1. Using Cα positions and a limit of under 19 Å, work out the lysines in reach of Lys136, with same-chain residues fewer than 8 apart set aside.
2. How many angstrom lie between the Cα centre of the range 108-145 and the Cα centre of the range 58-98?
3. For the chain, what is the accessible area per residue in Å² when the probe is 1.4 Å?
4. Please report, in whole Å³, the volume per residue of the convex hull around the C-alpha atoms of the chain.
5. Along Cα→Cβ, 7 Å out, is where each label goes; now give me the distance between the ones at Arg55 and Gln22 in nm to one decimal.
6. With a 1.4 Å probe and all protein chains kept in place, how much accessible area does Arg408 have, in Å² rounded to the nearest 10?
7. Output the peptides 99-106, 147-154 sorted from most to least packed, where packing is the average of other Cβ atoms within 10 Å over each peptide's residues.
8. Tell me the trypsin sites (Lys or Arg not before Pro) within the range 313-382 that lie in a loop according to DSSP and have at most 16 other beta-carbon atoms within 10 Å.
Amino acid sequence: MAVTEPAPAPHPAAYEGILRRQALRESAARTYARSLPIVPVRARGMTIEGADGRRYLDCLSGAGTLALGHNHPVVLEAIRKVIDSGAPLHVLDLATPVKDAFTTELFATLPGQLADDARIQFCGPAGTDAVEAAFKLVRAATGRSGLLAFTGAYHGMTAGALAASGGAPDVRVTRLPFPQDYRCPFGTGGEAGADIGARWTEHLLDDPKGGVPAPAGMIVEPVQGEGGVNPAPDGWLRRMREITRDRSIPLIADEVQTGVGRTGTFWAVEHSGVVPDVMVLSKAIGGSLPLAVIVYRPELDIWPPGAHAGTFRGNQLAMAAGCATLAYVRENRLAERAATLGARMLARLQALSADHPGIGDVRGRGLMMGIELVDPEAAPLTGTAGSGSAPPPDPALAAAVQQECLHRGLIVEIGGRHSAVVRLLPPLTLTDEQATAVVDRLADALRAAERSPYRRVPPGPTR
Ligand code: PMP
């Protein structure tokens, strides 16, 4: 349907009925739908139009999937081209011209040493399946079974990925401290906090009585997304690269959310110059359709045929949409645009904290931004911030801000360990005017939420 067509005039009962039936029929585990009770019927770029005729600026972007926003013309054209060509839409993992073009385009974007002779495994279409594939790969390559992961990590919802995310106890996963400035577990923040974390990691790995099962790999997000938008300091990430290289432990970068320009470089590892052994890629690489892969060094490629199979690993439409997206981001230097615009938005958000005591911290990289909301009147949590103490997180305020944003036509996500971080993941194509509108609406929503009796049970964590 063309987006230029006038909005349909829906009867309110129609979309209210849809929402009511959803609540009745869909699982109790549904997430976004709980806090965002809208019925999208059209979308273009950053704008979603609901069945109620209202328009929203979308800063959720399919949980960071839509690098080019909704229904970008190059994406639609790529999809149409495949359909019009009569090519098969489903071919398991057989070779096709569409897949060949996608792989070539993807490899051209990879960090230097990986691009030269990387291998690629097409996985089941979700990020979590690619995480599982990465674990299998490094286990097969090293003959070891342990995994190193970080506090606050999010890698997906399947058992192995969930274990590494701390959601299910798994004795084979060792959890290491991820640097956090605002709530530094060591009470120092900054470089000092990151340094203690790195020393702890090193010490633990070398301690024969440290209790660490021999690690097959270390998995890290260059910027933790769901964990509350925590960028890994570049120096710390380089330390992790040295630590893993010195001990022959493959380093796995989970770039499912940070990839394709989001953080201001094409891949977020480029900020630090770190070249991982394995990269896990999904979300934006499919140009809004489901696609997930791992790319890795050829030496690791010793797992047997069929080691990671799956029916849906050949989605031609996703590969075509993804190829068009990767090329568009590269050709139009959208990573640089994300860096510039992100820095500008972050500065404006930081300036808001002067008038809003409920803003505890504003952080991010590129167009991956987070605002941690706190209760400034509650007793500070001592020893958890760079300055020695920080007010406790306020998930109810975050939920209220999300609702007030929605009333003002702005869709934001909530994340973070305590569901108290308002997250912004706008498309890389947003205009200066849209960026201004996002911050204005958010500031307005904050004012309203702070005034309102917002104390109520917040929705569960969103993914
Ligand atoms: N890794 C990271 C860093 C993610 O942010 C996510 C999803 N939010 C995943 C893995 C899992 O991806 P999916 O939801 O597609 O399984």
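The values are calculated or read from the model by the stated rules, or taken from the named source; none is laboratory data. Model, not experiment: these values are computed from the prediction. Cβ coordinates were reconstructed from backbone atoms using ideal geometry, including for glycine residues, and neighbour counts include every protein chain displayed. Only protein heavy atoms, including side chains, enter the accessible area calculation; ligands, DNA and RNA are left aside. Shrake-Rupley method; radii C 1.70, N 1.55, O 1.52, S 1.80 Å.
1. Straight-distance partners of Lys136: none at all.
2. 22
3. 41
4. Once divided by residue count, the hull of the chain is 148 Å³.
5. That separation, rounded to one decimal, is 2.1 nm.
6. Surface accessible to solvent at Arg408 totals approximately 70 Å².
7. Final packing ranking: 147-154, 99-106.
8. When the trypsin sites (Lys or Arg not before Pro) of the range 313-382 are filtered for loop state and at most 16 Cβ neighbours within 10 Å, Arg333 remain.
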